[in-house]
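What follows is a single structure, written as structure tokens, with notes after it.
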Amino acid sequence: MASTTTARAVSRSEASLSYAAVGATQAEDLLYFPPKGFHPMERRARLGSGTERFEAASAKLMAWGVQRGSGITVGDIQPAAPTETDYAGLVYDESGAPVGPRAAHPEQGYGEDGTPLVSAGTTAELTIRAFGMSFRAPIRVVYLVNEPGRIGFAYGTLPGHPESGEESFVVEHLSDDSVWIVVRAFSRPSTWFYRLGQPVLRIMQARATRRYLRALMPSKGA
């Protein structure tokens, strides 16, 4: 079993994403002009208010809290090996002005249970349960969001995932002091087999999104 798990992890680290429009969940006009052939989605929910609420929700988010809090198993987490050409974006001051490049190879963080925190390039295997069945859904983290008032990440699908596309999860602290979780995605069935079950996939996605929006609520311990 261990050798099979290792082989899967190596395969994921070398696999290409199963879609071309990497990073498109960042586009402001995603809902109006999604990648051709993909179905876009955006949902948001208020998590409370204040800096403490923002920091608590952000910390849980980056520890896979949305997925775990939605009943999804996050397994085989493999942080990416750094390369000399990695780019991690810019560091911003409190006013939102860029002050310099972010370290491309920060030390990998770990949660209290030893699970690797979300980091750019990390691969993982999600296990999604629905209708009495389990679906294997391999993913790779394609970008991080680390700005004043905005923390989050997006992952893209790898071969073997029921869907093809990208999903982002961002916690926002707005100027009125309110704190929100914003989920954005674009997707389509990954194979002809899943295209036959597209209505079921849409139901699964809608259910999952509702759970995502509740996963960081104070009542969930976030």
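The values are calculated or read from the model by the stated rules, or taken from the named source; none is laboratory data. For clarity, every value in this text was computed on a predicted model and none was experimentally measured. Positions of Cβ are backbone-derived with ideal geometry, glycine not excepted, and every protein chain shown enters the neighbour counts.
Out of the range 46-67, which residues are free of Cβ contacts under 8 Å to residues at least 24 places away in the same chain and buried (at least 21 other Cβ atoms within 10 Å of the Cβ)? It would help to see each step written out before you state the result.
Taking the range 46-67 as the starting set, the residues that turn out to be free of Cβ contacts under 8 Å to residues at least 24 places away in the same chain are 52, 55, 59.
None - no residue of the range 46-67 is free of Cβ contacts under 8 Å to residues at least 24 places away in the same chain and buried (at least 21 other Cβ atoms within 10 Å of the Cβ), so the list stays empty.
Do we have Gly165 as part of a strand (DSSP E or B), surrounded by 23 or more Cβ atoms within 10 Å (Cβ to Cβ) and under 9 Å from the mean Cα position of the chain (by Cα) here? Explain how you work it out, then say what you get.
Working: part of a strand (DSSP E or B): yes; surrounded by 23 or more Cβ atoms within 10 Å (Cβ to Cβ): yes; under 9 Å from the mean Cα position of the chain (by Cα): no.
For Gly165, the condition - part of a strand (DSSP E or B), surrounded by 23 or more Cβ atoms within 10 Å (Cβ to Cβ) and under 9 Å from the mean Cα position of the chain (by Cα) - is not met.
Would you confirm whether or not the range 80-88 contains a residue that is touching a helix residue (DSSP H, G or I) at 6+ places or on another chain (Cβ under 9 Å), modelled with pLDDT of 70 or more and either in a loop (DSSP other than H, G, I, E, B) or exposed (fewer than 14 other Cβ atoms within 10 Å of the Cβ) (or both)? Within the range 80-88 (the criterion being touching a helix residue (DSSP H, G or I) at 6+ places or on another chain (Cβ under 9 Å), modelled with pLDDT of 70 or more and either in a loop (DSSP other than H, G, I, E, B) or exposed (fewer than 14 other Cβ atoms within 10 Å of the Cβ) (or both)), the answer is yes, since at least one residue qualifies. Against the test of being closer than 30 Å to Leu31 by Cβ, modelled with pLDDT of 95 or more, charged (D, E, K, R) and surrounded by fewer than 19 Cβ atoms within 10 Å (Cβ to Cβ), the options Arg140, Arg136, Arg150 yield a single qualifying residue, Arg150. Are any of the residues in the range 1-8 at negative phi, of a type outside the set (Asp, Glu), modelled with pLDDT of 95 or more and crowded, with 18+ Cβ neighbours inside 10 Å? The answer is no; no qualifying residue exists. One residue is enough: does the range 24-45 have a residue meeting the conditions in contact (Cβ under 8 Å) with a residue 60 or more places away in the chain, surrounded by 15 or more Cβ atoms within 10 Å (Cβ to Cβ), β-branched (Val, Ile, Thr) and outside any strand (DSSP E or B)? There is at least one residue in the range 24-45 that is in contact (Cβ under 8 Å) with a residue 60 or more places away in the chain, surrounded by 15 or more Cβ atoms within 10 Å (Cβ to Cβ), β-branched (Val, Ile, Thr) and outside any strand (DSSP E or B).
For the range 183-190, the count of residues that are modelled with pLDDT of 95 or more, under 18 Å from the mean Cα position of the chain (by Cα) and more than 26 Å from Glu14 (Cβ to Cβ) is nonzero.
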